1. Does K207 fit the bill of being under 30 Å from M12 (Cβ atoms), outside the structural domain of D74 (by TED's automatic domain parsing) and not in a loop (DSSP other than H, G, I, E, B)?
2. Kindly list the number of the only condition in (1) surrounded by 12 or more Cβ atoms within 10 Å (Cβ to Cβ); (2) assigned to a loop (DSSP other than H, G, I, E, B) that fails for L119.
3. Quick check: is even one residue across the stretch 110-117 under 12 Å from K52 (Cβ atoms), in contact with a Gly (Cβ under 8 Å, 6 or more places away or on another chain) and at pLDDT below 95?
4. Take the stretch 21-58 and flag every residue that is under 23 Å from D163 (Cβ atoms) and without any contact (Cβ under 8 Å) to a residue 12 or more places away in the chain.
5. All but one of (1) under 21 Å from N271 (Cβ atoms); (2) among the hydroxyl-bearing types (S, T, Y); (3) modelled with pLDDT under 90 hold for T181; which doesn't?
6. So, K67, is that one under 29 Å from A173 (Cβ atoms), over 21 Å from the mean Cα position of the chain (by Cα) and not aliphatic (A, V, I, L, M) or not?
7. Any idea which residue in the stretch 171-191 is farthest from M1 (Cα to Cα), counting only those that are free of Cβ contacts under 8 Å to residues at least 12 places away in the same chain and not in a helix (DSSP H, G or I)?
8. Going residue by residue through the stretch 140-163, is there one that turns out to be farther than 22 Å from K121 by Cβ, touching a residue at least 12 places away in the same chain (Cβ under 8 Å), surrounded by fewer than 20 Cβ atoms within 10 Å (Cβ to Cβ) and in the same structural domain as Q39 (by TED's automatic domain parsing)?
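The values are calculated or read from the model by the stated rules, or taken from the named source; none is laboratory data. Keep in mind that what you see is a predicted model, and the values were worked out from it rather than measured. A quick note on method: Cβ atoms are made from the backbone with ideal geometry, for glycine too, and the neighbour counts reach across all protein chains shown.
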Amino acid sequence: MLTRRHIRIKVMQSVYSFNIGKQNKLEQEVLFFKESVEQTFNLYLLLLGLLKSLHAYADEQLVITRKNKIQSEDQINALQKFTQNRVLLFLKDHEILAKQLDNKKLVKWDLEFKFLKDLFKSVSASQVFLNYVELSNPSVEEDLKFVAKMFKNQIATSNYLYDYVEDNCLTWADDLPMVNTFLLKMLKHIDVNSSQTLTFPRPSENKEDTDFGIQLLEKVIANDSKLQEELLGKTPNWDAERIAQLDNVILKVAIAELLYFPMIPSKVTLNEYLEIAKDYSTPKSNNFVNGVLDKLVKEFDHENRLNKTGRGLL
């Protein structure tokens, strides 16, 4: 589920944390990095749990609505369509998902009643839902399409969800777009007749990438002074104090990867950190990072310091 770019972002976060916490030790930052990776997978489970809880909320509302004779048949029909959706029922009855959520002891979404109420209200008012309700006998494929569109349009874009994950885990806000994308792809390929089609990725499946992240983090922190020296004279129009701390971190992590990871092509490293700078720096800072890294790559290449192995790695 995690990509190398996401691993690099987590390394950047850990280095930034190390720089802020002057008394932190390398071991603490490695632990922070590992926990950050673990939390990414917990966020995936949290979002699946939200879908289950939204279905449970609709089920409760259906019971209440049936008892309230004032409600119209259209309202009952709409609730029935939602609660009978076979993908949502698949998630509701999935034993492994239930165990995973119980073992992780993640947030109980049913306690977030106002959020569930507002979220279901948003879903109910959407054109996607109104079109779905009009289907007399939706197929499994139509059930799938509805859940996928609902997740993409109402859940993934929820400001409350973003604020919630940001408040509850330091790194979840950065993880959310990537996890949303992964979960959306998974939803589109569920087979409601096969519980195995709901995947549960584990950190161990990303061991090679996680190990790369740990090694990169260790190299940056252990060689902090040397990496800082590499920037001397490369920023003639910028005093060291004027360089934004995050830009400084991006540059040092990129330099460490260029110098200490011979199997990674320089072009890959350059492109990755330029993209990261676009997302995490201001437009002005992005141009600054771009210029410095371009200058460093040319200098390292000229001085034969890149030590890249394999073909086409420069």
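1. On the way: under 30 Å from M12 (Cβ atoms): yes; outside the structural domain of D74 (by TED's automatic domain parsing): yes; not in a loop (DSSP other than H, G, I, E, B): yes.
So K207 fits the description; yes.
2. Every condition holds for L119 apart from (2).
3. First, pick out the residues of the stretch 110-117 that are under 12 Å from K52 (Cβ atoms): 110, 116.
Right, trim to in contact with a Gly (Cβ under 8 Å, 6 or more places away or on another chain) and you get none.
Checked the stretch 110-117: no residue is under 12 Å from K52 (Cβ atoms), in contact with a Gly (Cβ under 8 Å, 6 or more places away or on another chain) and at pLDDT below 95.
4. Passing the criteria: only E35.
5. With (1) under 21 Å from N271 (Cβ atoms); (2) among the hydroxyl-bearing types (S, T, Y); (3) modelled with pLDDT under 90 applied to T181, the lone miss is (3).
6. Values: under 29 Å from A173 (Cβ atoms): no; over 21 Å from the mean Cα position of the chain (by Cα): yes; not aliphatic (A, V, I, L, M): yes.
No, not satisfied.
7. Just the residues of the stretch 171-191 that are free of Cβ contacts under 8 Å to residues at least 12 places away in the same chain, to begin with: 173, 177, 181, 185, 189, 191.
Add one more test, that the residue is not in a helix (DSSP H, G or I), and what stays is 189, 191.
Working: H189: 15, D191: 20 Å.
My answer is D191.
8. The answer is yes, given that some residue of the stretch 140-163 is farther than 22 Å from K121 by Cβ, touching a residue at least 12 places away in the same chain (Cβ under 8 Å), surrounded by fewer than 20 Cβ atoms within 10 Å (Cβ to Cβ) and in the same structural domain as Q39 (by TED's automatic domain parsing).
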